[in-house]
1. When you go through (1) at pLDDT 90 or above; (2) crowded, with 17+ Cβ neighbours inside 10 Å; (3) more than 12 Å from S78 (Cβ to Cβ) one by one for I62, which number turns out not to apply?
2. Can you confirm whether the range 34-42 contains a residue that is open to solvent by 40 Å² or more (accessible area, probe 1.4 Å), modelled with pLDDT of 60 or more, under 19 Å from the mean Cα position of the chain (by Cα) and not hydrophobic (A, V, I, L, M, F, W, C)?
3. Got a number for residues in the range 50-76 being over 9 Å from the mean Cα position of the chain (by Cα) and either closer than 18 Å to M32 by Cβ or part of a strand (DSSP E or B) (or both)?
4. Hey, could you check the range 83-92 for residues that are in a loop (DSSP other than H, G, I, E, B) and open to solvent by less than 50 Å² (accessible area, probe 1.4 Å) and say which is farthest from N145 (Cα to Cα)?
Amino acid sequence: VVALASNTVELSQGQFGQHPLYVFCSDGIWAMSVDTSGSLAYLGCYPLSREVCLNQASVCCIDGGVVFVCSKGVMVISGRSMKNLSACMDSTSDMQGRVLADKVIGKILSMMRLPCGAGNVDFQEYLSEAVIGYLPSHNELLITNGHYGYSYLYSLQSGSWSCVDVV
(Lines give C-alpha, C1' and ligand atoms only; values in the text may rest on other atoms or scores of the structure.)
Protein backbone atom coordinates (compact mmCIF):
# COMPACT_ATOMS: atom_id res chain seq x y z
CA VAL A 1 0.00 0.00 0.00
CA VAL A 2 1.43 3.35 -1.10
CA ALA A 3 -1.36 5.67 0.09
CA LEU A 4 -5.03 5.91 1.10
CA ALA A 5 -7.53 8.63 0.22
CA SER A 6 -11.26 9.15 0.56
CA ASN A 7 -13.42 10.24 -2.36
CA THR A 8 -16.10 12.90 -2.04
CA VAL A 9 -18.21 11.72 -5.00
CA GLU A 10 -20.39 8.61 -4.92
CA LEU A 11 -19.40 5.77 -7.26
CA SER A 12 -22.93 5.16 -8.50
CA GLN A 13 -26.43 6.50 -8.07
CA GLY A 14 -28.13 5.67 -4.82
CA GLN A 15 -24.96 5.90 -2.77
CA PHE A 16 -25.30 9.51 -1.67
CA GLY A 17 -23.21 10.14 1.41
CA GLN A 18 -21.25 6.91 0.99
CA HIS A 19 -17.71 7.65 -0.01
CA PRO A 20 -15.31 4.96 -1.17
CA LEU A 21 -11.79 4.67 0.11
CA TYR A 22 -9.12 4.57 -2.58
CA VAL A 23 -6.19 2.32 -1.83
CA PHE A 24 -3.14 3.15 -3.93
CA CYS A 25 -1.06 -0.03 -4.20
CA SER A 26 2.00 -1.19 -6.11
CA ASP A 27 -0.33 -3.07 -8.50
CA GLY A 28 -2.84 -0.27 -9.10
CA ILE A 29 -5.73 1.54 -7.46
CA TRP A 30 -8.42 -0.30 -5.54
CA ALA A 31 -11.72 1.10 -4.26
CA MET A 32 -13.21 -0.11 -1.00
CA SER A 33 -16.99 0.26 -0.72
CA VAL A 34 -18.71 1.46 2.42
CA ASP A 35 -20.88 -1.01 4.37
CA THR A 36 -24.40 0.40 4.77
CA SER A 37 -25.37 -1.99 7.58
CA GLY A 38 -23.08 -0.28 10.06
CA SER A 39 -21.42 -3.50 11.21
CA LEU A 40 -18.29 -2.95 9.09
CA ALA A 41 -16.57 0.17 7.89
CA TYR A 42 -15.84 -1.22 4.42
CA LEU A 43 -17.63 -4.17 2.86
CA GLY A 44 -15.45 -5.09 -0.10
CA CYS A 45 -12.88 -3.90 -2.55
CA TYR A 46 -12.43 -4.04 -6.30
CA PRO A 47 -9.75 -2.92 -8.77
CA LEU A 48 -10.33 0.52 -10.25
CA SER A 49 -7.22 1.16 -12.33
CA ARG A 50 -3.80 -0.26 -13.09
CA GLU A 51 -2.18 3.17 -12.67
CA VAL A 52 0.47 3.11 -9.94
CA CYS A 53 0.97 6.13 -7.68
CA LEU A 54 4.62 7.28 -7.72
CA ASN A 55 4.71 8.61 -4.15
CA GLN A 56 2.33 9.09 -1.25
CA ALA A 57 3.09 12.83 -0.98
CA SER A 58 1.44 13.31 -4.36
CA VAL A 59 -1.96 12.02 -3.16
CA CYS A 60 -4.24 14.95 -2.36
CA CYS A 61 -7.97 15.07 -1.68
CA ILE A 62 -9.81 17.86 -3.49
CA ASP A 63 -13.45 18.86 -3.75
CA GLY A 64 -15.02 16.04 -5.76
CA GLY A 65 -12.03 13.73 -6.13
CA VAL A 66 -8.47 12.72 -5.40
CA VAL A 67 -5.34 13.92 -7.23
CA PHE A 68 -2.17 11.82 -7.52
CA VAL A 69 0.93 11.40 -9.68
CA CYS A 70 1.57 8.31 -11.79
CA SER A 71 3.80 7.56 -14.78
CA LYS A 72 1.30 9.35 -17.06
CA GLY A 73 1.44 12.58 -15.02
CA VAL A 74 -0.92 14.37 -12.66
CA MET A 75 -4.22 12.50 -12.51
CA VAL A 76 -7.56 13.17 -10.83
CA ILE A 77 -9.92 10.37 -9.92
CA SER A 78 -13.56 11.11 -9.22
CA GLY A 79 -15.98 8.27 -8.69
CA ARG A 80 -14.97 5.73 -11.33
CA SER A 81 -13.60 8.24 -13.84
CA MET A 82 -9.97 9.25 -14.16
CA LYS A 83 -8.55 12.24 -16.03
CA ASN A 84 -4.97 13.21 -16.88
CA LEU A 85 -4.54 16.87 -15.90
CA SER A 86 -1.02 17.13 -17.24
CA ALA A 87 -1.33 15.50 -20.68
CA CYS A 88 -0.46 18.86 -22.27
CA MET A 89 2.80 18.98 -20.28
CA ASP A 90 4.35 15.76 -21.62
CA SER A 91 7.74 15.66 -23.36
CA THR A 92 6.20 15.65 -26.87
CA SER A 93 4.39 18.93 -26.21
CA ASP A 94 5.88 22.41 -26.03
CA MET A 95 3.41 23.44 -23.31
CA GLN A 96 5.94 23.01 -20.49
CA GLY A 97 8.31 25.31 -22.33
CA ARG A 98 5.58 27.92 -22.76
CA VAL A 99 4.64 27.73 -19.07
CA LEU A 100 8.26 28.15 -18.03
CA ALA A 101 9.03 30.80 -20.66
CA ASP A 102 7.03 33.33 -18.67
CA LYS A 103 9.54 33.09 -15.85
CA VAL A 104 12.49 35.45 -16.10
CA ILE A 105 14.63 33.19 -13.91
CA GLY A 106 13.79 30.22 -16.13
CA LYS A 107 15.05 32.10 -19.16
CA ILE A 108 18.27 33.07 -17.42
CA LEU A 109 18.97 29.55 -16.16
CA SER A 110 18.20 28.12 -19.58
CA MET A 111 20.60 30.56 -21.26
CA MET A 112 23.29 29.65 -18.73
CA ARG A 113 22.56 25.94 -19.38
CA LEU A 114 22.58 25.07 -15.71
CA PRO A 115 21.61 21.43 -15.15
CA CYS A 116 19.01 22.26 -12.51
CA GLY A 117 17.55 25.10 -14.51
CA ALA A 118 13.81 25.16 -14.97
CA GLY A 119 14.10 25.02 -18.73
CA ASN A 120 16.14 21.80 -18.62
CA VAL A 121 14.00 19.64 -16.31
CA ASP A 122 11.60 17.12 -17.83
CA PHE A 123 8.14 17.48 -16.31
CA GLN A 124 7.90 13.75 -15.51
CA GLU A 125 11.23 13.94 -13.69
CA TYR A 126 9.93 16.94 -11.73
CA LEU A 127 6.80 14.96 -10.79
CA SER A 128 8.70 11.88 -9.57
CA GLU A 129 9.18 13.46 -6.11
CA ALA A 130 6.45 16.07 -6.27
CA VAL A 131 4.17 17.01 -3.41
CA ILE A 132 0.67 18.22 -4.24
CA GLY A 133 -1.37 20.65 -2.19
CA TYR A 134 -4.88 21.95 -2.76
CA LEU A 135 -5.85 25.63 -2.47
CA PRO A 136 -9.66 25.42 -2.11
CA SER A 137 -10.19 29.19 -2.03
CA HIS A 138 -8.70 29.45 -5.53
CA ASN A 139 -9.62 25.92 -6.71
CA GLU A 140 -5.97 25.35 -7.64
CA LEU A 141 -3.39 22.64 -7.18
CA LEU A 142 0.14 23.49 -6.07
CA ILE A 143 2.67 20.96 -7.38
CA THR A 144 6.11 21.38 -5.87
CA ASN A 145 9.41 19.53 -5.73
CA GLY A 146 11.89 20.65 -3.06
CA HIS A 147 14.84 20.03 -5.37
CA TYR A 148 13.86 22.97 -7.57
CA GLY A 149 13.26 26.66 -6.87
CA TYR A 150 9.88 26.83 -8.57
CA SER A 151 6.47 25.21 -8.38
CA TYR A 152 3.58 24.64 -10.76
CA LEU A 153 0.03 25.83 -10.27
CA TYR A 154 -2.91 24.14 -11.97
CA SER A 155 -6.30 25.84 -12.08
CA LEU A 156 -9.07 23.27 -11.79
CA GLN A 157 -11.53 25.86 -13.13
CA SER A 158 -9.72 26.91 -16.29
CA GLY A 159 -7.50 23.85 -16.80
CA SER A 160 -4.46 26.10 -17.21
CA TRP A 161 -0.92 25.61 -15.94
CA SER A 162 1.42 28.30 -14.61
CA CYS A 163 4.76 28.42 -12.86
CA VAL A 164 5.73 30.37 -9.74
CA ASP A 165 9.09 31.08 -8.13
CA VAL A 166 8.17 29.64 -4.72
CA VAL A 167 8.55 26.20 -3.27
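The values are calculated or read from the model by the stated rules, or taken from the named source; none is laboratory data. Nothing here was measured: the structure is a model prediction, and the numbers come from that model. Note that we place each Cβ from the backbone using ideal geometry, even for glycine, and neighbour counts take in every protein chain shown. Surface areas here come from the heavy atoms of the whole protein model, side chains and all, with no ligands, DNA or RNA. Shrake-Rupley method; radii C 1.70, N 1.55, O 1.52, S 1.80 Å.
1. (3)
2. The answer is no, given that none of the residues of the range 34-42 is open to solvent by 40 Å² or more (accessible area, probe 1.4 Å), modelled with pLDDT of 60 or more, under 19 Å from the mean Cα position of the chain (by Cα) and not hydrophobic (A, V, I, L, M, F, W, C).
3. We begin by selecting, within the range 50-76, every residue over 9 Å from the mean Cα position of the chain (by Cα); these are 50-57, 61-65, 71-72.
Adding the requirement that they be either closer than 18 Å to M32 by Cβ or part of a strand (DSSP E or B) (or both) leaves 50-53, 56, 61-62, 65.
Count: 8.
4. Keep residues of the range 83-92 that are in a loop (DSSP other than H, G, I, E, B), which gives 85-86, 90-92.
Going one step further and asking which of them are open to solvent by less than 50 Å² (accessible area, probe 1.4 Å), we end up with 85-86.
Values: L85: 17, S86: 16 Å.
The residue in question is L85.
So that you can scan it fast, the table gives a plain yes or no per residue for (1) under 22 Å from S6 (Cα atoms); (2) surrounded by 20 or more Cβ atoms within 10 Å (Cβ to Cβ); (3) at pLDDT below 95:
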position: A57; (1), (2), (3): yes, no, yes
position: S81; (1), (2), (3): yes, no, yes
position: K107; (1), (2), (3): no, no, yes
position: A118; (1), (2), (3): no, yes, yes
position: V121; (1), (2), (3): no, no, yes
position: Q124; (1), (2), (3): no, no, yes
position: H138; (1), (2), (3): yes, no, yes
position: L153; (1), (2), (3): no, no, yes
position: S160; (1), (2), (3): no, no, yes
